[in-house]
Each structure stands twice: as C-alpha cells, then as structure tokens.
Amino acid sequence: QRGDFDAALSEAATALQREPSTDRYHWRLAIIALHRGDMSLALKQFESFDEAADVNPAHLQYNLGIARLAGGDYKRALQHFEQAHRLFDDKEPSSDMFYTLLHEIFALRQIGDTQNATSKRENLLTTASTPWEVLLARYYNNQISEADLIQGATTDCLRCEAFFYIGRRYQTGGDTASARLFFQKAADTKAFFYFEYGLAVAALSNIKPH
C-alpha cells in the first residue's frame, strides 16, 4: 500500500535524525524514495555515501544511475551504469547485469549514441537470466510486439514493468503522448515495490499532458 511507503519513509527519516551517521538509514531512506518516485530525495541520499560507506558499491552506482536517469541527467547516469556494469562483472547472465544494460541502452539513446545503443541492445538476450527478461529482450530487439509483452506479464508487478518499458520506447522515439499513456498504466498497477513504479511516477511528472 502507498500508505505503508509513506509510513516507512517517515520512520526512516526519524531514525536518520536520531543516528545521522548510520549508513543503513540513509540507504533505506534512499530506496524508499526511489520506489516512491521522489528522485531528488533518493539522489541526495545516495550521494551522501563515500568510499568507506557500508554499502554494495555496484548497487550504489546502479541506484545513482536510476535517480539521475529519472532526472534527465543522461550522461552522468550512463557513467554510473557503466561503472555498475564493471562492478557486477557477473560471469553468468543475471538480473543485475540485464537491467543495468537495459538502462545503459536508454541513456545512450537519449544522448544520441544510437550506434552503441543498438550494439548493446543485441546483448540483452545473452544477458537475460529469467523468462521475463528474455521476453523484454525480445521486445527490445523487435522480435515480439508490445501486445505480446503485455500478454506475457502475468502479475501486476510484471505488468508495471511491461507498461513502463513500452512507455520508455515511445519516449525515445519522441512520442510523448503514447509514452505518458503507458507510464500512467505502469503507475496504475500500484506495484510500489518495483523501481519501475517509481520511475513511471517520476516520468509522469516530467512529461506534461498536451
């Protein structure tokens, strides 16, 4: 429930006031803000960590990339994702690598580097580690339609992802009206515990209705 997130955010903020130097409270506040779509708060908290912080450096770079991506800072987001990619360095396909690559591709498209975006897009299929990720990879490589992707999303959480990533493709193609429609569909799933929900909420605040 959204109310649970609001309560969790308040609890995390209160805990941080009591113990402002505790990394886990900063991390918790940042993650909750990310899920809610409050990217400015998330970014502020993630930026507070230094090299000595007790956090996973790969996940920190990934989350910094997410927050900057949502704010339109595509070049710096790309730097974070590239660093996360190196830090994950998984020898086998994994969800960490898959979603990092997916966001890298979007950042590259947004800064106009279509050649590298296309090259990396072809790697999605070999990076996918779950049947759902294979579907997303096939959709991004134009092997299945958006209707096929939606049909393959069997839960609200997966439908949130499907709607968000369909909206993102419309966004990169310049069709902001369709992008907004699918971002709204993603938000309407109320899949609060998925980053894509927060990203959809943030995208809706940045794309003004016609």
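The values are calculated or read from the model by the stated rules, or taken from the named source; none is laboratory data. Model, not experiment: these values are computed from the prediction. Cβ: placed from backbone, ideal geometry, glycine included. Neighbour counts: every protein chain shown. We work out accessible area using only protein heavy atoms, side chains counted, and drop any ligands, DNA or RNA first. Shrake-Rupley method; radii C 1.70, N 1.55, O 1.52, S 1.80 Å.
Observations on the structure shown:
- Portion, in percent, of the accessible area of the chain that falls on carbon or sulfur, probe 1.4 Å: 48 percent
- When the Cα gyration tensor is reduced to axis lengths a ≥ b ≥ c, the ratio a/c is 1.5 or higher for region 58-99, and with a/b above b/c it is classed as prolate.
- Cα gyration tensor category, rounded, prolate or oblate, for region 45-145 with a/c compared to 1.5: oblate
- Anisotropy class of region 146-210 from Cα gyration tensor, a/c 1.5 cut: oblate
- Taking all protein chains together and a 1.4 Å probe, the residues His103, His85, His80 rank His85, His80, His103 from largest to smallest accessible area.
- Simple Cβ-charge dipole of region 60-210, Lys/Arg +1 and Asp/Glu -1, about Cα centre, in debye nearest 20: 440 debye
- In loop segments of region 39-103 as defined by DSSP, the trypsin sites (Lys or Arg not before Pro) with at most 13 further C-beta atoms inside 10 Å of their C-beta are Lys91.
- Acute angle (nearest 10 degrees) that the helix 131-140 long axis makes with the longest principal axis of the chain, alpha-carbon atoms: 60 degrees
- Candidate values [x] 14.0; [y] 11.6; [z] 12.8 were compared with mean projected area of the Cα convex hull in nm² computed on the shown model; the agreeing label is [y].
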